[in-house]
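Taking it in order: structure first as structure tokens, then the write-up.
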């Protein structure tokens, strides 16, 4: 059986799906990763197929694409999902600005910039459909992001020229060779590292050149640690105080209301990415009080959160997640993979501490709810429209439908018709 480009066209109707599916008693909970970036923003993955190869190797059954400001990767992501029988979640990420919180100096989920708010949309309609107004806002965000990156390259070239360092970069060529439509700061760091390594063929020569690029500061990272080295390049050159830094224009940020509007218009579910604790156990002012966070999110019509457990203490994560789960929130976990470092796709907490069975089930239920939403929207139904849908007695029905939808793709041999399990 060959599924069409529209992905859910080949799926049975709801009644048939549920009739054919039963959750096998005692079977392990599937591995789910609901948040990865791809080369369409910036990613540890060299191409779109690599995360599916990794997922297949690690036993991950559900993957969620979550690129910044773009849905350009959806079609290829869907095609690979069908090929590898890994269920796709169609997500997106924005960076919004809450000006009132910025004025009050309140940090949200960006630990360094008050008011700056990362925000995701989960389960967008595929193929993507939204109003011209939303498309215009999306294109504006992409254009402004790329403009800032091009300005950074211009400043970088001026710095290198003034420092008499024989390196020069063409931003258009950098974008064409390293990026897709979206050109990010991390692409600049990648290009600098590659240029240094190409120009100097010894470790000593590379360190000396990087020292000059760092205005006399010694390189701290191992030259073999690509992720650490590129982060050091960003820190020295591209961040605030660096010679190539370009401050973002606050006028180019969308408001949180605009971001939520785009997500809903595209058929998605607004989802707040929780930063939670840092390595010292500290939380931002916005997230420190669960009750206040809950009231703030629900007042904005947000009833889904996601976390990146790899950066959180297992105990703090468990306490936070179970509290919001009892409040009826949809909860998803991911790994991001938006740095050069190639971490596993299988989710663990900080220090490699595994998720316990309860957390794994909460993550799977969250994925199932998003899967049910995607399926229903594709079939012309309403999907999960508001918090009442997932707090009501129908919640378990949505979860069971989502499990059946996921199983139809991941647990069934479409050539033989044999029904599999997780």
| task | Kindly work out what percent of the DSSP beta bridges joining two residues of the chain are antiparallel, to the nearest 5. | result | 40
| remark: Expected sort for 117-127, 72-82 on mean C-beta neighbours within 10 Å, highest first, is 117-127, 72-82
| remark: Given a Förster distance of 30 Å, the FRET efficiency implied by the Cβ-Cβ spacing of residue 282 and residue 58, rounded to the nearest 0.05, works out to 0.45
| How much length is gained on full extension from residue 341 to residue 27, taking 0.36 nm per residue of separation minus their Cα-Cα distance? | 109.8 nm
| request: Kindly provide log₁₀ I(q)/I(0) values, in the same order as q = 0.17 Å⁻¹, from the Debye equation applied to equal alpha-carbon scatterers of region 136-238. | output: -0.77
| field | Peptides ranked, highest mean first, by Cβ atoms within 10 Å: ranges 372-378, 252-258 | value | 372-378, 252-258
| remark: Rounded to the nearest 5, the percent of DSSP beta bridges in region 1-158 running antiparallel is 40
| said: Which order do the peptides 212-224, 395-407 come out in when sorted by mean C-beta neighbours inside 10 angstrom, highest first? | reply: 395-407, 212-224
| field | For region 52-139: rounded, prolate or oblate by the Cα gyration tensor [a/c cutoff 1.5] | value | oblate
| note | Rg/Rh of the chain (Cα atoms, Kirkwood Rh), to two decimals, equals 0.98
| field | Distance between modelled label sites at residue 163 and residue 224, nm, 7 Å Cα→Cβ extension | value | 2.6
| query | In region 280-312, which residues have a backbone nitrogen under 13 Å from the label point lying 7 Å from residue 319's Cα in the Cα-to-Cβ direction? | reply | 281-283, 288-291
| message | No solvent, one uniform scatterer per C-alpha: report log10 I(q)/I(0) for region 1-118 via the Debye equation at q = 0.13, 0.21 1/Å, two decimals. | response | -0.68, -1.15
| query | So what's the back-of-envelope 222 nm ellipticity for the chain, counting only DSSP H runs of four-plus at -39500 (n - 2.57) apiece and dividing by all residues, rounded to 500? | reply | -13500 deg cm²/dmol
| query | For residue 104 and residue 257, FRET efficiency with R0 = 25 Å and r from the beta-carbon atoms, rounded to 0.05? | reply | 0.90
| In nm, to one decimal, how far is the residue 49 label point from the residue 139 one, both placed 7 Å along Cα→Cβ? | 3.3
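FYI, it's all coordinate maths here, none of it is from the lab. For clarity, every value in this text was computed on a predicted model and none was experimentally measured. Don't worry about glycine lacking a Cβ; one is built from the backbone with ideal geometry, like all the others, and counts go over all protein chains shown.
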